[in-house]
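K.L.:
Quick one: this structure, given as structure tokens, is what I'll be asking you about.
The values are calculated or read from the model by the stated rules, or taken from the named source; none is laboratory data. Being a predicted model, the structure only gives us computed values, none of them experimental. Virtual Cβ from ideal backbone geometry, glycine too; neighbours counted across all protein chains shown. The area values use the complete protein model at the heavy-atom level, side chains included, leaving out ligands, DNA and RNA. Shrake-Rupley method; radii C 1.70, N 1.55, O 1.52, S 1.80 Å.
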Amino acid sequence: MTERELERKARVSQLLLDAARMLGETLEPDRVYDRFHDLLAGVVQHDGVLVSSYDESDGLIRCDYAWSDGNRLDTSVFPPLPLNREGGGMQSKVIVSGESSLFNDLAELVQRPGGTYYDVDREGKIRRLPDSGPPGSRAAMMVPVKHEGRVVGVVQIMSNSAAYSAEQLEVVDGLVGQMAAAVRNARLQKEQRRLEAAEAAARAVAGEREQAANVLDAVGEGIFLVDRGGIVRLWNRAAALVTGVSADDVRDKPVVDLFPDWRALVTRIPVVEHGAAARSATLPVGVGRRDLWLSFVAVRSADGVVYAFRDLTSERRLEEEKSDFIATISHELRTPMAAVYGAAETLLNRETTLTPEQKHELLEMVASQAARLSQITEAVLLATQLDRGTLPVEPEPVDVGELTRATVDAMRSQLPPSAEVHVEVAPRVATATGAPDRIQQVLVNLLDNAVKYGGDGRVSVRVEPANGAVRILVADSGPGISFAEQQRIFEKFYRAGPELTRATGGTGLGLYISRELVQRMGGSLDVRSVPGAGATFVVELPRA
Ligand code: ADP
């Protein structure tokens, strides 16, 4: 190698080293092109520079950077060109061959068929060659941009006056290599920043979602979302609490699996569009294992329909209790009042024709019906006091055997002649604790029921010791009580078996009051009954 040649090589190496440092300093792909161009200016005379990338996936060549006659051009004016595999056109030739080339006679070149040639002026105006006249440039240098051996672009450098030498091409080759590395690096960095920003945004959205989900879980109303396909997508904590169905059991499942009569329900819940005032619908709903009264509102959202509901079951039950109360009480009061009214009318209108015995009978009827009326009012008042917790029950030691015998004896005169009450007290029954008058009241009610509902009127009463308690059993041999009704008969105003109870008067308060009283004394009241084989009511009182 000659000395001149060595010197040149050293200069080129130094230049490329500087270039690498300068190009590596910037992280914006666009700025890398600008610096590349600055470096180029110190190496070769040129009037135009074009950097294009080639995308293997769609076979198109796109312009990334363009500069002409002292101006940077808007790259969007260059249409993407399809790669010409036959090698027509200067860019295609370089991409296909992967080799740098020099063209020192462009005017002649563009006349050759098979290629597409453009000329761009400093305003960025493109003309197609050779149709619109000869090219503005005289010489061009074409250098492929490579990545891992594959051609990913082309750099084209043009001169209007000078011709280019192979030595110049060698320097530009090196410079393009540095530029390509810097652009790739800048692009990777940019992509990295984009990914980081996207991740931060995703995290922010997830945070917001989580917060919204927390709010939804904290509200007292049940909330669920049914998407367009009828699938439950959201089921908040209140919804799970009210219905007893957990989110895991319903989420991503069809809503019809959750509410068996969903198809009928949806027709009755008005769905309002976003922003309009919601209207609610209160409906009986079977869900999970519960029968509930739910008040629904529904709003359409982008993802489907959002339903919110409140549980009105206990309010409904209260309503039902109230109307039961009114129905029972008015029915119960009507009979004795009619009797009193009838007797009073007869006494007034037929005073002169009635015998003293008839008058006495009528007055007796007035007295007994008035007593019944006051019994009913007493029962209602007592139930109210028990509800409000204002009834004092003072416990004291009680000999339950003695109290039971005395109560049954006192009652005998009032029972129908057919009634036969047998009392048995087991030996060594301990003293219990309770309020004697209240125990008596409970016994009267149980005996009264046993005679009233117990069929042939034979009732047996037994007092016996129980584990740490004293037990009173009142058994009849009547039709008994169905299993379904064994708990309900202790509810306020509840009267079982209509055909049985219609004939006999009653408020449905007796067993409610009895159980409440016994519980207030620390004891319990239950029923054992096999339908068809009589009923046994069991009172247990704590030992003194
Ligand atoms: P009432 O006797 O005023 O109806 P209760 O609370 O005392 O109210 O009783 C509630 C219901 O329980 C009665 O209506 C009756 O249907 C049922 N019942 C109570 N005792 C008996 C019994 N010994 N045998 C069958 N049914 C009974």
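K.L.:
How many percent of the accessible area of the chain is carbon or sulfur, using a 1.4 Å probe?
P.N.:
52
K.L.:
For the chain, what is the accessible area per residue in Å² when the probe is 1.4 Å?
P.N.:
Here the per-residue accessible area is 55 Å².
K.L.:
Per residue and in Å³, how big is the convex hull formed by the alpha-carbon atoms of region 447-544?
P.N.:
Per residue, the Cα convex hull of region 447-544 comes to 94 Å³.
K.L.:
Helix 166-218 versus the longest principal axis of the chain: what angle, 0 to 90°, nearest 10, using Cα atoms?
P.N.:
Taking Cα atoms only, the helix is inclined about 10 degrees.
K.L.:
A further question on this structure: Which links in K322/K452; K9/K125; K9/K93 stretch past 31 Å when you go from one Cα to the other?
P.N.:
K9/K125
K.L.:
Hey, got the dipole for the chain? About the Cα centre, +1 on K and R Cβ, -1 on D and E Cβ, debye to the nearest 20?
P.N.:
Here the chain has a charge dipole of around 300 debye.
K.L.:
How far, in degrees from 0 to 90, does helix 3-24 lean away from the longest principal axis of the Cα atoms of the chain, to the nearest 10?
P.N.:
Helix 3-24 and the main axis of the chain meet at about 20 degrees.
K.L.:
Let me ask another. Treat each spin label as a single point 7 Å out from the Cα along the C-beta direction, and report the V299 to L363 distance in nm.
P.N.:
Going by the 7 Å Cα→Cβ label model, 7.4 nm.
K.L.:
Residues in region 71-114, backbone N under 15 Å from the label point at R127 (7 Å along the Cα-to-beta-carbon vector): list them, ranges by number please.
P.N.:
107, 110-111
K.L.:
Go through N185, P80, A197 and say which Cα lies farthest out towards the positive end of the charge dipole of the chain; charges sit on Cβ, +1 for Lys and Arg, -1 for Asp and Glu.
P.N.:
P80
K.L.:
Can you tell me the orientation of helix 436-453 relative to the chain, as the angle in degrees between its alpha-carbon axis and the longest Cα principal axis, to the nearest 10?
P.N.:
That helix lies at roughly 90 degrees to the long axis.
K.L.:
Then there's this: Place a point 7 Å from Cα of T384 in the direction of its Cβ. Which residues in region 294-335 have their backbone N less than 12 Å from it?
P.N.:
Within reach of a label on T384, which here means backbone N under 12 Å from a point 7 Å along Cα→Cβ, region 294-335 contributes nothing.
K.L.:
Determine Rg/Rh for region 261-404; Rg is computed over alpha-carbon atoms and Rh is the Kirkwood hydrodynamic estimate from the same atoms.
P.N.:
Over the Cα atoms of region 261-404, Rg/Rh equals 1.29.
K.L.:
Simple spin-label model, 7 Å along Cα-to-Cβ: D18 to V393 in nm?
P.N.:
According to this spin-label approximation, the distance is 10.7 nm.
K.L.:
May I pose another question? With N set to the number of residues, divide the alpha-carbon radius of gyration of the chain by 2.2 N^0.38 Å and report two decimals.
P.N.:
2.12
K.L.:
What's the magnitude of the charge dipole for region 1-85 around its Cα centre, counting Lys and Arg as +1 and Asp and Glu as -1 at the beta-carbon? Answer in Debye, nearest 20.
P.N.:
My answer is approximately 280 debye.
K.L.:
Something else now. Once you put a point 7 Å from the Cα of R251 and another 7 Å from the Cα of A278, both along the Cβ direction, what distance in nm separates them?
P.N.:
Reported label-point gap for R251 and A278 is 2.1 nm.
K.L.:
Roughly how many Å is it from the Cα centre of region 501-534 to that of region 474-493, as a whole number?
P.N.:
7
K.L.:
Need the C-alpha centroid separation for region 224-272 versus region 69-97, integer Å.
P.N.:
60
K.L.:
Could you tally the net charge around D227, taking each other residue with its Cβ under 12 Å from the Cβ of D227, Lys/Arg +1 and Asp/Glu -1?
P.N.:
+3
K.L.:
Roll a 1.4 Å probe over the protein heavy atoms and report the accessible area of H360 in Å², nearest 10.
P.N.:
Answer for H360: close to 110 Å² accessible.
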